[in-house]
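FYI, it's all coordinate maths here, none of it is from the lab. Here the structure is a predicted model, which is why all the values come from computation and not from measurement. For neighbour counting, all protein chains shown are included, and Cβ atoms are generated from backbone atoms with ideal geometry for every residue, glycine included.
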Amino acid sequence: MHGAFNLFQMTMLRWRSRHPYNATHVARVPHALDEARLRATLAAALEETGLTGYALDARRGRYEWRGGAAEIALDVSAAPAGDVDEALRAAIERSLARRFPADGAYAPFAFEAIPDRDGFWLLLVYDHIVAGGDSAVTLLGAICERYEGGPALPRLERHPARFRRLVARHPLQAMRAVADLPGMALRARHSRRPPGLEVRDHANAFLMASLPYAVVERIAHAAAAWKVTRNDVLMGALIRAVAQFRPPPAANARRYAVAVASIVNIRRDCAGPAARTFGQFLASFRAAHADPTHASLEEVVRAVHAESRDLRRRRRYMRSLVALALSGIAWRAVRDDRRDSLYAKHYPVWAGLTTLVVQGLWDAIAPRAGTMPSGYRRGVSTGPLAPAVFAATFTGSTLELGVSFRPATISAAAVRVALDRFVAGLEQLP
């Protein structure tokens, strides 16, 4: 059975034709590392869930999971001599540079094991077109259960329908999304373009930070007090943090606002739960503020919420899907040397945010997966849309931050300042 990519996957397919576009998840396994046992576990987990025999037809935007024996790419690192966190950071950075084949049959997963005292860290890097973060969490949790001697895993649905069904089920919202496009384009014309549009080097670097449960509670308290979502709070803090990438705009400048984009998981509207259906079901939305450096965090968060308020109830995320469909037409029409700046010019954002809640996903496929790891790490490639991507992962006890960025566009020092500002903004919440 063949599957066809949805609109978001087709966009990623275009991006990965120019540079690696991966996602990486890392979890700690509290058992001694046995390489032979781990290889056997990985093979069993992928074969049982049906995630083997992957073949990509990039030209037609189609793919297939043919089944069969698993092809396992596993590296086993030496135990870190010093800082384990630095070893994990470096491993994630390396994984984001991994090149999966452009077409044909290949294994879209690769693994690395990093010993750590009486256990080890298991890194899963995957070609981002095959899955979203929710599917990756469920798969990694299932692998950990199998390593601990758990039962065979269920076979997953791997060829879900595209977004056509979503449009057919919600035609009024789809028409409203088309009607909203001119307004969205007008607002985009008031946003400052991100730095580095002219740079063609898309190599990624990576930074990490971990925030304790006290900060997670502050985020939840602020969201409740302001009647917004936790993602709104994160987006508001991110807008204020990245505004320092460039000097303030000149007086009366046409482009003055700073915008960021956030991923929206729309699985509930178009596919089964992650415990049953493997894949990627994403949209996005964009929010901006005219003067984030002089506004309070609450003011910026409320501006974000004005954009996100009806995102799911009225399915306003469909605007981004329509925009992606149009971008596919523009991609084919523009010259090759203009493709790298196409998205940043017409959908200007200074950073992307991808938020993931691990609770409820870790044991979705394998109910006996055990205690959810508190130190879950995650990184996502950035590309032509934004110079940096902040991956925020709620583990239940911590908030883990992973920041991928293009060092040819913005310096590591500038990103570190932005990350520190982001963390400080969250730590200072009432």
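Things worth noting here:
- Gain on full extension, evaluated as 0.36 nm per residue between Ala333 and Ala220 minus their Cα-Cα distance, stands at 36.2 nm.
- Estimated Rh, the range 2-147: Kirkwood, alpha-carbon pairs, angstrom: 15.9 Å
- Cα centroid separation, the range 27-94 to the range 221-265: 35 Å.
- Taking every DSSP helix (H) stretch of at least 4 residues in the chain, weighting each as -39,500 (n - 2.57) and dividing the sum by the residue count yields a mean residue ellipticity at 222 nm of -11500 deg cm²/dmol.
- Lys, Arg +1 and Asp, Glu -1 on Cβ, resulting dipole of the chain about Cα centre, debye, nearest 20: 2260 debye
- Taking label positions 7 Å along the Cα-Cβ direction at both Ala36 and Ala79, the computed distance is 2.1 nm, reported to one decimal.
- Protection-proxy order for peptides 358-365, 22-29, each taking the mean of Cβ atoms within 10 Å per residue, highest first: 22-29, 358-365
- Mean Cβ count within 10 Å, highest first, over the residues of peptides 258-265, 70-77: 258-265, 70-77
- Scaled against the 2.2 N^0.38 Å expected of a compact globular protein of N residues, the Cα radius of gyration of the range 260-309 reads 1.56.
- One equal scatterer on each Cα of the range 258-358, no solvent, Debye formula: the resulting log10 I(q)/I(0) at q = 0.23, 0.24 Å⁻¹ is -1.27, -1.31.
- Only Cα pairs under 8 Å and 6+ residues apart enter the sum, and on that basis the relative contact order of the chain stands at 23 percent.
- Spherically averaged projected area in nm², based on the convex hull that wraps the Cα atoms of the chain: 19.8 nm²
- Label-reachable residues, the range 247-281, where backbone N falls under 12 Å from a point 7 Å from His294's Cα toward its Cβ: 248-252
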